[in-house]
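First the structure, in the form of structure tokens, and then the observations on it.
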Amino acid sequence: MKNSALSIFVLVSIVLFVSCTSGGNGETNANEKYKVISPLVKDTVYTNEYVAEINAFQNVEIRARVNGFIENIHVDEGETVYKGQLLFTISSQKYKQDLQKAKAILQNANAELKSAEIDLENAEKLLEKKIVAETDLEMMKTKVDAMKAKVAEAQSDEEQAQLNLSFAQVKAPFDGIINRIPNKAGSLADEGTLLTTISDNKEVFAYFNVSEIDYLNYVVSSEKGESKEVSLMLANNTLFANKGIIETTESEFDHYTGTIAFRAKFPNPTGILKHGASGKVLVNSFLPNAILIPQQCVFEVQENLYLYVIDKDNTIKQRQIIAEMRLGNMYLVTEGLSETDIVLYEGIQLIKEGDKIIPDFIVIPN
């Protein structure tokens, strides 16, 4: 019984003590010092990251342009080749025969044209002597015109046959690296069959999408002559050695995502970047006179950010802020705070709105 009475006495004492120390008159902390700060205002550079798709400067499919069996493959997958280098040989006997036939037809057409021109010359002489009629001369002229057309057609057929024969030897259109070769020697290749692809990776394009706000900020910074230089974070979270330059943007926003595509070009002398790779483009943005506040000053209520400011009477006031992003251990505040405000730095869990304190000013380290 004595123990129960003692417990009740202790409980009542604690309640009375708490009541005395945390009353609602706003004066309970008036004799306590709390560290306070002024927001840090300085020119700030922050980095935005954008997922990027890497494309080779040139990436071209090499396809068969004539039908035939693949007789020889002169390169291997992953090999570096040079413009004009022979890559594939397609069976060409048929095209050689077609070319010989076309040459023979052209030769015959030239002979017929020459014969018709001789007949025309003779007819002109006979017409002068009035041995042949004017209509005979016109018929000769028509025959010559027909023979000329036949020669032109034969020349075209010969050129096409020569072209088809040249297509049997598939050559590199530019310097690059050979990719996968799906069909091996002996395979039948129809016109249009994919033989391989070739990539020129000396330079690469990084395509990435940005929001409308970031796009407008970029336009403003570009008009001010600020650098278009960007960096590239590789898939293994290492920074690519060479900087890139933003070259261009698309002409319109994507209706569904509300973003617009940018293109940056990166030099790739070592060839480490490949067509189809991924990464993140890092874009640095400059923000003059940015208002920064330590994260420890801020608390969250229902997904909104708040902090405590101290008015001229040293009274605590709760204020909502809008922070654009986090920079290290600081918030970049865009609304709700000015550089003249005084902010509670420590003890936000110990006080409430309306309390009075003794402010102890400290300086935020840069």
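The values are calculated or read from the model by the stated rules, or taken from the named source; none is laboratory data. Keep in mind that this is a model prediction, so the values were computed, not measured. Cβ coordinates were reconstructed from backbone atoms using ideal geometry, including for glycine residues, and neighbour counts include every protein chain displayed. The area values use the complete protein model at the heavy-atom level, side chains included, leaving out ligands, DNA and RNA. Shrake-Rupley method; radii C 1.70, N 1.55, O 1.52, S 1.80 Å.
Worth a mention:
- Of everything listed in (1) under 44 Å from the mean Cα position of the chain (by Cα); (2) among the aliphatic types (A, V, I, L, M); (3) open to solvent by less than 60 Å² (accessible area, probe 1.4 Å), the single unmet condition for Val45 is (3).
- Check on Asp313, open to solvent by less than 50 Å² (accessible area, probe 1.4 Å), assigned to a loop (DSSP other than H, G, I, E, B) and charged (D, E, K, R): no
Table: residues versus (1) under 38 Å from the mean Cα position of the chain (by Cα); (2) at pLDDT below 95.
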position	(1), (2)
Glu250	yes, yes
His255	yes, yes
Lys265	yes, no
Pro269	yes, yes
Ser285	yes, yes
Asn304	yes, yes
Val309	no, no
Thr315	no, yes
Asn329	yes, yes
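- The listed residues are Leu232, Leu195, Leu239, and the only one of them that is open to solvent by less than 30 Å² (accessible area, probe 1.4 Å), at pLDDT 90 or above and out of contact with any Gly (no Cβ under 9 Å at 6 or more places or on another chain) turns out to be Leu195.
- Residue within the range 285-299 that is without any contact (Cβ under 8 Å) to a residue 60 or more places away in the chain and either within 30 Å of Lys228 (Cα to Cα) or in a loop (DSSP other than H, G, I, E, B) (or both) present: yes
- Subset tally (residues that are open to solvent by 40 Å² or more (accessible area, probe 1.4 Å) and in contact (Cβ under 8 Å) with a residue 60 or more places away in the chain) for the range 215-227: 3
- Checking each residue in the range 145-183 for being open to solvent by 80 Å² or more (accessible area, probe 1.4 Å), touching a residue at least 60 places away in the same chain (Cβ under 8 Å) and either assigned to a strand (DSSP E or B) or not basic (Lys, Arg) (or both) picks out Gln162, Gln169, Lys171.
- Checked against (1) open to solvent by 80 Å² or more (accessible area, probe 1.4 Å); (2) without any contact (Cβ under 8 Å) to a residue 60 or more places away in the chain, Ile246 passes all but a single condition, namely (1).
- Pairs where the first residue, in the range 71-95, is aromatic (Phe, Trp, Tyr) and the second is open to solvent by 70 Å² or more (accessible area, probe 1.4 Å), C-beta under 8 Å, 6+ apart: Phe88/Asn72; Phe88/His74; Phe88/Gln169
- Selected residue [free of Cβ contacts under 8 Å to residues at least 60 places away in the same chain, open to solvent by less than 20 Å² (accessible area, probe 1.4 Å), within 30 Å of Glu32 (Cβ to Cβ) and in a strand (DSSP E or B)] from Ile321, Ile260: Ile321
- Selection count, the range 324-337, where residues are in a loop (DSSP other than H, G, I, E, B) and farther than 19 Å from Ile362 by Cβ: 1
- Some residue of the range 353-363 being open to solvent by 20 Å² or more (accessible area, probe 1.4 Å), aliphatic (A, V, I, L, M), in contact with a Ser or Thr (Cβ under 7 Å, 6 or more places away or on another chain) and over 28 Å from Leu234 (Cβ atoms): no
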